[in-house]
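**Student:** Please find one structure pasted underneath; my questions will follow.
Where a number appears in this text, it was derived from the coordinates with a stated rule and is not lab data. Just so it is clear, the model here is predicted, and its values are computed rather than measured. For neighbour counting, all protein chains shown are included, and Cβ atoms are generated from backbone atoms with ideal geometry for every residue, glycine included.
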């Protein structure tokens, strides 16, 4: 029979410790690679952002200069015609106003009061429209 080796706690602890060390080195190297990938993407994004900002600044400067030139030309044209605007000449003889007769105020009187009349219709009359009375045949 072969002797059975006794596994001591020290041996188990040593193996666990070695495995942990190996795992730690593997994880740290993986983390370093991941960190370098993230840094690479960040650098690419920063470069992209700087390029876009530069293009935008160039576009804005070009449009601003074109607009400034337009304004200069417009103001030059305005200054050329500024003194040419004159008031129209006034007539030598001033026109006279025709006299218009003022309307004479008239007194307005109210219509006669119908309160004395009876509002009841006599028999045989039909009220077809307000204010019109007809008799039945």
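**Student:** Could you work out how far the C-alpha centroid of region 17-80 sits from that of region 84-107, in angstrom?
**Tutor:** 73
**Student:** Can you tell me the FRET efficiency between residue 67 and residue 44 if r is taken as the Cβ-Cβ distance and R0 is 41 Å, rounded to the nearest 0.05? All intermediate terms of the calculation are to be shown ahead of the outcome.
**Tutor:** Values: r = 35 Å, r/R0 = 0.85.
Efficiency computed from Cβ-Cβ geometry: 0.75.
**Student:** Could you tell me what fraction of 2.2 N^0.38 Å the Cα radius of gyration of region 39-111 comes to, as a two-decimal ratio? Please report the intermediate quantities before stating the final value.
**Tutor:** On the way: Rg = 35.0 Å, N = 73, 2.2 N^0.38 = 11.2 Å.
Rounded to two decimals, the normalised Rg is 3.12.
**Student:** Separation between the residue 107 and residue 19 pseudo-spin-labels, each 7 Å from Cα along Cα→Cβ, expressed in nm?
**Tutor:** The two pseudo-label positions are separated by 12.7 nm.
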